């Protein structure tokens, strides 16, 4: 669990991608690996200890799947759907997440810290204990979500919606906000 | 090795279970509450709680210990010789113990309490109240605060950035994230 296997190339300190023994950048056959991975990932329902650090995932359909202790750190996700999925202790830190959907997800103790998130929909989700510290987030919304105990410390939020959310014990301290909406949310229970 | 997580709504604290892949003896870290959900979690994985690690002796992190020790004959490990009359194996910074094949290293992080410990198991660090995502533990005075921050910087942030942080409250994090985004520990400006 959470074991970091490093890339087998001399001098490379990046974590290894999936079961390849090399980091994503050092894979000779990235497209081939992703193609076979895509069909495998889309056909399975539950993932435990899935490790795809640094990968480039475009137009993957991960909807209605279950992820336990999975590692998506440093990935580039584009046009991926995670709608209706369940996540427990999963890491998406320092990732680039563009035009993805995480609608109606059930997420606990997950980490998006340090990620660049744009044009993404986290709406109608249960997001208990999620670490969004240090994110740079643009044109993204969390509307109708329960963000109980989640943290957005030291983040940069621009055109972000938190409409009708539960913000109990959510922390936004040291953040930079521009055009952020908290309409109908209990923002008085959050810490700014 | 498996890591299981339990959040107690009654005192907002995290309890962790670390155990083998197969049924066997497990470690319980900071049992703030012993409720039916935690018991279900342990029993579902066919674990027997043989060891309890307490990061510090605040009730929100050990209140469940009495009930747990009625169910399982668990040994307590902490920075003290006893907690609420329960005898404890006293650990100090740098101590390493092997609990049924699971290596645990104690990291001394005084400040939040005088003898707070964090526990490192593989690349997972269980920090209790000393450090959580984007913040540090409360202290009774400035000197204790400085001590807490100093010990976090020297003993936790100095570790490899791939190490993950599992705090007593709030979401998980990592050494890399705390170095960059914890306002109490410096880091990048927004």
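A short reminder: the numbers here are calculations on the coordinates, not readings from a lab. All figures in this text were calculated on a predicted structure; none of them were measured in a lab. We place every Cβ from the backbone using ideal geometry, glycine too, and count neighbours over all the protein chains shown.
Structure values in brief
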read-out	value
Residue-averaged [θ]222 nm for chain A, counting only DSSP H segments that reach four residues, each worth -39500 (n - 2.57)	-2500 deg cm²/dmol
Förster-model FRET efficiency, 41 Å R0, residue A:19 and residue B:89, C-beta, rounded to 0.05	0.55
Shape category assigned to segment A:113-192 from the gyration tensor of Cα positions, a/c cut at 1.5	rounded
Taking A:172, B:48 and counting other C-beta atoms within 10 Å, the order from fewest to most	B:48, A:172
Rounded tilt (10° steps) of A:30-43 against the dominant C-alpha axis of chain A	60 degrees
For B:174-185, mean number of other protein chain Cβ atoms within 10 Å	5
Contact order normalised by residue count of segment B:2-185, Cα under 8 Å, 6+ apart, percent	15 percent
Three-way shape call for the protein assembly as shown based on the alpha-carbon gyration tensor, with the a/c threshold at 1.5	prolate
Chain B, helix-only ellipticity at 222 nm - DSSP H runs n ≥ 4, -39,500 (n - 2.57), divided by all residues, nearest 500	-6000 deg cm²/dmol
Percentage relative contact order, segment B:96-190, counting C-alpha pairs under 8 Å, at least six apart	25 percent
Full-extension gain in nm, residue A:5 to residue A:168, via 0.36 nm per residue minus C-alpha separation	54.9 nm
Antiparallel DSSP beta bridges within segment A:1-138, as percent of all bridges there, nearest 5	5 percent
Segment A:46-189: relative contact order as a whole-number percent, Cα under 8 Å and 6+ apart	14 percent
Projected label distance in nm at residue A:61 and residue A:38, using a 7 Å step from Cα toward the beta-carbon	1.2 nm
Bridge type composition, chain B - antiparallel percent by DSSP, nearest 5	65 percent
Counting DSSP beta bridges with both ends in the protein assembly as shown, the antiparallel % (nearest 5)	30 percent
Degrees, to the nearest 10: B:142-155 long Cα axis against longest axis of chain B	80 degrees
